[in-house]
Structure formats: C-alpha cells, structure tokens
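Working notes, structure below.
The values are calculated or read from the model by the stated rules, or taken from the named source; none is laboratory data. Everything numeric here is computed off the predicted structure, so don't read it as measured data. Don't worry about glycine lacking a Cβ; one is built from the backbone with ideal geometry, like all the others, and counts go over all protein chains shown. Just so you know, the surface numbers come from the protein's heavy atoms only, side chains and all, with ligands and any DNA or RNA stripped out. Shrake-Rupley method; radii C 1.70, N 1.55, O 1.52, S 1.80 Å.
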Amino acid sequence: MSKIIVVFGATGAQGGAVMKALLADPNYKVRAVTRTEAKVKDLESQGAEAVVASFDDPESLKKAFAGAYGAFVVTNFWEIFSMEKEIEQGKAAVDAAKAAGVKHFIFSGLENVKDTIGKDCYHFDGKAKVEEYLKASGMPFTSVRYSFYYENLLYFFPPQKQSDGTFTITIPMGSTPMDAVSVADMGVAVRSILNDRDAYLGKFIGLSGDRLKIAEYADVISRVTGKTVKSVDVSSRRRVRQGRGKAQGETSWLTHDARQSGCG
C-alpha cells in the first residue's frame, strides 16, 4: 500500500518540488496542503489529494495529518514577517503530526545564526527554534536545510543590464563562497530521505549543489548565456530586497549586515 505523505507549501517552490518527486513514485500518495479552496482543483489535477489547512487552525492540521505516514513541512517567514509567529506555526505542525502518529516528519529548517555568531537573523533563527522543539518532542524527524536557490538569480537577484551592454550581479558576499542549489532538484533529495528513513532519522541535512564565489556564479551565467556578467562587490551594510513571491508582486525591504550574518 502506498504511504501517504502530507506536503505543505505544495503550490510553492519547495513543497511543489517535493510533491512532484513523490507523485512520480508509486510507493507514495501525496496529500497536498493549501490554504485556499481555489487551488484544490489544480493540485488534484496533478494527481495529489488536496486538503485545505492552516498552521493557525489546529482542527485543520488534525485532518491534514490523519492517517499519514510522513510529512514535509515548510514554514514561510516572508509571509508573516514574525519570528515568533513562525515558531508558533512550526510547533503547531509538530504537535499535530505527533498526535496523529506520523512516522517521519521532514522539516525545512535552517541554522541558528544568533547562537553561532551572535547576530539576529530572524528568518533563520525561527526555523532553528522549531528544529530544537522538534528534536525535543521525540517525533521521528529529519531536518533539511536548503541553501540559496539558483532560481533566486532569475527572480530576486537578476543580472542588471549596464549602459555598455554587460550585466552585473549584486549580492553582498564579497569573496566568501556561497552554497546554492536548484530548489526544483530538491524534491528528489527529500524523496531519497523518505526512502532511507532509518539512515536519516534525527539528522540535520544540508542541501547544496555548488559552493562558489559570486564572481564564479557570474562566470557560469556568462558561459551559458553568452552575455558578459560580472559580480559587483558592495558594502555589507545595505538594503536587501527580499521577494515574497513573483506572482504576488509583493516585496519588502530589510536592512541588516548581510555579509556577516548570512541573512542576505
């Protein structure tokens, strides 16, 4: 019998890739979670069971996890702009999954920047706090830590055309290498973790495809596109434009020490 895997964020980048990978494997059935009825038909057309649920609605979470073997859970700081709220939502998911008897809870977590270097990085630190709660809960879990998405170079940090016809990338990393990965590829990684549950239980798995300097990423783009793309070094103290979703067209501006905190 196919195992039911609950996938949160099924209409987003991470959850969507996980759903796609699991739907390709007959060992799994996907229960895709959405917050809106409007997206149910689209998810069902892809082969998933679709349920409407919210981290803020305990009864809906109870229904989402009922009878499930596993889950992929991702929270989204950029929708709520509150570390405390993200922690609350993550804990609610852990509690509901544990009560339902879920056998493998995969959480999209991140490192605790505050504890590591003494600087606040709310969209990292909130997920780290959820990881701590998950570990203490006794829930069978694996945490996966995504690095910078290659796709961000298309949507949030795209090369900017200059007057001489060349292009520049501006990401405040200086000469420090940056891990990056295609979020589209990571669904297969999550499926592999589910397939080898015992090997990954209780572990924190970093996901990365490359670890290059920004200038090296620019070189790769140049080779692939045939355009001249260069990196521009900028002050680490800067405004970083963080996108909340291309389709929504919503953005916000955060000011922080991007290079030193790793929050850029």
Tell me whether the range 148-166 contains one or more residues that are touching an Asp or Glu at 6+ places or on another chain (Cβ under 8 Å) and within 20 Å of Leu22 (Cβ to Cβ). no
Of all residues making up the range 215-247, the number that are modelled with pLDDT of 95 or more, open to solvent by 40 Å² or more (accessible area, probe 1.4 Å) and touching a Leu at 6+ places or on another chain (Cβ under 8 Å): 1
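Kindly establish whether Ala48 is surrounded by 18 or more Cβ atoms within 10 Å (Cβ to Cβ) and in contact with a Pro (Cβ under 8 Å, 6 or more places away or on another chain). Please lay out each step first, then the result.
Working: surrounded by 18 or more Cβ atoms within 10 Å (Cβ to Cβ): yes; in contact with a Pro (Cβ under 8 Å, 6 or more places away or on another chain): no.
So Ala48 fails the test.
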Go through the residues of the range 129-147 one by one and say whether even a single one is open to solvent by 30 Å² or more (accessible area, probe 1.4 Å), closer than 20 Å to Gly15 by Cα, in a strand (DSSP E or B) and in contact with a strand residue (DSSP E or B) (Cβ under 6 Å, 6 or more places away or on another chain). yes
Of the residues in the range 78-120, those that are farther than 12 Å from Phe55 by Cβ, part of a helix (DSSP H, G or I) and open to solvent by less than 30 Å² (accessible area, probe 1.4 Å) come to Val113
Condition set polar (S, T, N, Q) and either part of a helix (DSSP H, G or I) or touching a Cys at 6+ places or on another chain (Cβ under 8 Å) (or both), scope the range 36-77, selection farthest from Gly16 (Cα to Cα): answer is Ser60
Only one of these is closer than 21 Å to Met186 by Cβ and either open to solvent by less than 20 Å² (accessible area, probe 1.4 Å) or not small (Gly, Ala, Ser) (or both): Phe8, Phe55. Name it. Phe8
In the set Lys20, Lys29, Lys62, Lys39, the lone residue that is within 21 Å of the chain's Cα centre (by Cα), free of Cβ contacts under 8 Å to residues at least 60 places away in the same chain and open to solvent by 60 Å² or more (accessible area, probe 1.4 Å) is Lys39
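Do you know which residues across the range 189-214 are part of a helix (DSSP H, G or I) and surrounded by fewer than 16 Cβ atoms within 10 Å (Cβ to Cβ)? Before you say what the answer is, go through the steps one by one.
Pass one, the range 189-214, residues part of a helix (DSSP H, G or I): 189-195, 197-200, 214.
Passing the criteria: Ser192, Asn195, Arg197, Asp198, Ala199.
Residues checked against (1) within 13 Å of Arg145 (Cβ to Cβ); (2) of a type outside the set (Gly, Ala, Ser):
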| position | (1), (2) |
| --- | --- |
| Glu86 | no, yes |
| Gln89 | no, yes |
| Val94 | no, yes |
| Ala99 | no, no |
| Val102 | no, yes |
| Leu110 | yes, yes |
| Cys121 | no, yes |
